[in-house]
Amino acid sequence: MPGEADFIDLIPDPELRSDRLLLGIRHFDEPFLLSVSLSQGLGSSELWLDRGKAGRTWLAEFRRVGDRVLFAVRNKHFLTSGDAAAVRAGNESFALSVLWSGPVLREENGAVVVDATGLVLADHDGIAEHLYACEQGDYTIDASTSLPLVADSRSGPTAVRLPALLTFRGPGRGSAVRAVAADPRA
């Protein structure tokens with residue numbers, strides 16, 4: 001709707017750092033859909049890590065607990081509706097998974113500001129697990145060569161886009177990765 005505040009604000013970094021993403025969160029305890037996708041592929045049809053591949057979809061929410069913000073997801077296949085007691089019973093019956101937590105940096109213009117770099121630099125789609133299952137090796141995200149793509153991030157009242165460049169480091173011994181990656185270790 002015109003004039004409606006964004007769900008999440010992109011906050012300019014006062015230190016002008018390009019390696020961190022500051023978010024202003026306005027809505028807590030309100031579920032939203034998080035979908036993950038690959039903007040670039042690995043180049044191997046054998047591994048199914050293709051450009052544009054839609055990944056996991058999560059039912060997510062931000063929660064504030066004191067001076068911290070949590071990013072939590074629920075199993076979207078076990079949701080309850082109806083009266084408040086039924087919803088509460090359903091929520092308490094199935095575990096919430098907290099995927100990220102960060103300190104509140106400050107509050108401004110009705111938003112809670114957090115450094116969400118760790119949130120966007122996580123392997124939400126399970127790519128490392130997928131590479132391991134495909135016998136390509138044990139890969140992990142390299143924090144020193146991964147970064148949020150702040151200039152490409154977008155926020156509006158109905159959608160938020162938070163892209164990141166993730167570098168996965170591993171042994172580089174899998175035949176499919178060796179066949180297509182410039183350096184199969186990264």
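The values are calculated or read from the model by the stated rules, or taken from the named source; none is laboratory data. Fair warning: this is a prediction, and the values are worked out from it, not measured in the lab. When we count neighbours, we look across all protein chains shown, and the Cβ atoms used for this are built from the backbone with ideal geometry, even at glycine. Calculation scope for accessible area: heavy atoms of the full protein, side chains included, ligands and nucleic acids excluded. Shrake-Rupley method; radii C 1.70, N 1.55, O 1.52, S 1.80 Å.
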Global geometry of the range 1-59, whether rounded, prolate or oblate, following the gyration tensor of its Cα atoms and the 1.5 cut on a/c: oblate
Rel. contact order, % - alpha carbon contacts under 8 angstrom, at least six apart, the range 123-186: 30
Rounded to a whole number, what % of the accessible area of the chain do carbon and sulfur atoms account for, probe 1.4 Å? 53
Under a 10 Å cutoff between Cα atoms, tell me which one of SER144, SER37, SER153 has the largest fluctuation in the Gaussian network model of the chain. SER144
Quick one: length gained pulling ALA182 to GLU46 fully straight, 0.36 nm per residue minus the C-alpha distance? 47.3 nm
Out of (i) 1, 8, 14, 15, 12, 8, 5, 5, 5, 5, 6, 6, 4, 3, 1, 0, 0; (ii) 1, 7, 13, 17, 17, 15, 12, 9, 5, 2, 1, 0; (iii) 1, 7, 12, 14, 13, 10, 8, 5, 4, 3, 3, 3, 3, 3, 3, 3, 2, 2, 1, 0, 0, which label holds the value of P(r) over Cα pairs in 5 Å bins from 0, in percent that was computed here? (ii)
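What does the charge add up to near LEU22, with Lys and Arg as +1, Asp and Glu as -1, over the other residues with Cβ less than 13 Å from its Cβ?
Values: positive: ARG17, ARG20, ARG106; negative: ASP9, ASP13, GLU15, ASP19, GLU107, GLU108, ASP115.
Value of the local net charge: -4.
Within the chain, which is the longest segment containing none of the GluC sites (Glu not before Pro) that sit in a DSSP loop and have at most 13 other Cβ atoms within 10 Å? Numbers along the way, then the final one.
Numbers: sites that count: GLU4, GLU15, GLU135.
The segment 16-134 is the longest one with no such site.
Let me check I've understood the local charge: for PHE62, count other residues with C-beta under 10 angstrom from its C-beta, Lys and Arg +1, Asp and Glu -1. What total comes out? Mind showing how you got there, number by number?
Numbers: positive: ARG26, ARG63, ARG64; negative: ASP29, GLU30, GLU61.
Within the 10 Å Cβ shell, the charges total 0.
Quick one: net charge of VAL150's neighbours, Cβ under 14 Å, K/R +1, D/E -1?
Values: positive: ARG17, ARG20, ARG154, ARG161; negative: ASP9, ASP13, GLU15, ASP19, ASP115, ASP152.
That works out to -2.
Given Cα pairs under 8 Å that are at least 6 residues apart, what percent is the relative contact order of the chain? Before the final figure, lay out each step's value.
On the way: 357 pairs, mean separation 40.5, N = 186.
Worked out over the chain, it gives 22 percent.
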Hey, in the GNM for the chain with a 10 angstrom Cα cutoff, which one of ARG173, ARG64, ARG20 fluctuates hardest? ARG173
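Quote the FRET efficiency, to the nearest 0.05, computed for ALA84 versus THR57 with a Förster distance R0 of 30 Å and r equal to the Cβ-Cβ distance.
On the way: r = 26 Å, r/R0 = 0.88.
About 0.70, to the nearest 0.05.
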Projecting each Cα onto the charge dipole of the range 100-183 (Lys/Arg +1, Asp/Glu -1 at the beta carbon, about the Cα centre), which of SER101, THR167, THR117 comes out farthest on the positive side? THR167
In nanometres, the difference between 0.36 nm per residue of separation and the alpha-carbon distance of ALA95 and ARG20 is 24.0 nm
Under 15 Å by backbone N from the virtual spin label 7 Å along Cα-to-Cβ at ASP138, the residues of the range 156-186 are 169-174
Under a Gaussian network model of the chain whose springs join Cα atoms within less than 10 Å, the largest fluctuation of ASP50, ASP152, ASP123 belongs to ASP152
